[in-house]
Amino acid sequence: MSVTYRYVGDDAYFKVLMARYYLQRNWAIRPIGQFTCLTIPFVLAFAYAWGSNAPWLSGAAFALGAMIVCGVLGVLLIRIGVLARLRRSPAFGSAITATLSDEGVHFVAPRSQTRHEWPGYPRSVRYSDGILLLRPGVICWLPDVALIAGTADAATELIRSHTNFRVVA
């Protein structure tokens with residue numbers, strides 16, 4: 001049994017891929033979680049200065065405001081940087097065909113073909129609109145709307161039988 005997906009590796013695809021990747025990660029190691037954790041000491045310092053009417057209240061307010069701005073800009077810059085890196089990939093803008101079978105995953109792009117056995121993708125995550133295949137340094141998003149042969153249920157069962165599988169709502 002095999003299941004085939006065909007999708008275009010464009011901006012829309014990569015934005016969804018990034019969103020799904022971060023969604024399956026622990027909140028504390030997502031960029032927004034990291035910047036939030038870095039901001040907490042500034043919030044506590046400001047709250048202490050406010051509550052005790054400390055003479056350094058204006059400095060604490062400035063530091064908190066600066067940290068919030070840095071956090072928002074940091075999250076945006078990470079997103080822009082990752083998208084810029086993905087845009088430089090040779091497959092950007094190209095139609096990619098991914099075929100899943102009991103042997104593994106076979107990708108065909110205009111200038112390359114790669115085949116990976118299932119141990120190469122040790123983890124996978126099922127979302128309501130597709131499947132995310134994960135291996136160290138590589139993420140593959142397979143949206144259900146890109147199916148051209150097989151069904152989403154068949155793909156789910158095939159991947160479930162070969163990887164550490166979990167479902168994220």
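The values are calculated or read from the model by the stated rules, or taken from the named source; none is laboratory data. Just so it is clear, the model here is predicted, and its values are computed rather than measured. Every residue, glycine among them, receives a Cβ derived from its backbone with ideal geometry; neighbour counts consider all protein chains shown.
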Quick check, is L38 modelled with pLDDT under 90, among the aliphatic types (A, V, I, L, M) and either part of a helix (DSSP H, G or I) or surrounded by fewer than 16 Cβ atoms within 10 Å (Cβ to Cβ) (or both)?
-> no
Selection count, the stretch 86-101, where residues are touching a residue at least 40 places away in the same chain (Cβ under 8 Å), out of contact with any helix residue (DSSP H, G or I) (no Cβ under 6 Å at 6 or more places or on another chain) and of a type outside the set (S, T, N, Q) | 7
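Per-residue answers, yes or no, for (1) within 27 Å of V167 (Cα to Cα); (2) in contact (Cβ under 8 Å) with a residue 12 or more places away in the chain:
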| position | (1), (2) |
| --- | --- |
| P31 | yes, yes |
| A47 | no, no |
| G59 | no, no |
| C70 | no, yes |
| L77 | no, no |
| A84 | no, no |
The number of residues in the stretch 46-55 that are surrounded by 12 or more Cβ atoms within 10 Å (Cβ to Cβ) and more than 23 Å from V75 (Cα to Cα) is 5
Considering residues that are closer than 24 Å to G93 by Cα and basic (K, R), the number found within the stretch 104-152 is 3
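Do we find a residue being surrounded by fewer than 12 Cβ atoms within 10 Å (Cβ to Cβ) and under 30 Å from P143 (Cα atoms) anywhere in the stretch 11-19?
Taking the stretch 11-19 as the starting set, the residues that turn out to be surrounded by fewer than 12 Cβ atoms within 10 Å (Cβ to Cβ) are 12.
Next cut, under 30 Å from P143 (Cα atoms) only: 12.
Looking for residues that are surrounded by fewer than 12 Cβ atoms within 10 Å (Cβ to Cβ) and under 30 Å from P143 (Cα atoms), one finds at least one in the stretch 11-19, hence yes.
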For residues in the stretch 129-163 being surrounded by 14 or more Cβ atoms within 10 Å (Cβ to Cβ) and of a type in the set (V, I, T), which is nearest to the chain's Cα centre (by Cα)?
-> I139
Listed residues R166, R126, R111; which is crowded, with 16+ Cβ neighbours inside 10 Å and of a type in the set (D, E, K, R)?
-> R126
Among residues of the stretch 83-108 being modelled with pLDDT of 90 or more and among the charged types (D, E, K, R), the residue surrounded by the fewest Cβ atoms within 10 Å (Cβ to Cβ) is D102
Just give me the residues in the stretch 152-169 being within 20 Å of L17 (Cα to Cα) and touching an Asp or Glu at 6+ places or on another chain (Cβ under 9 Å), in sequence order.
-> A152, A155
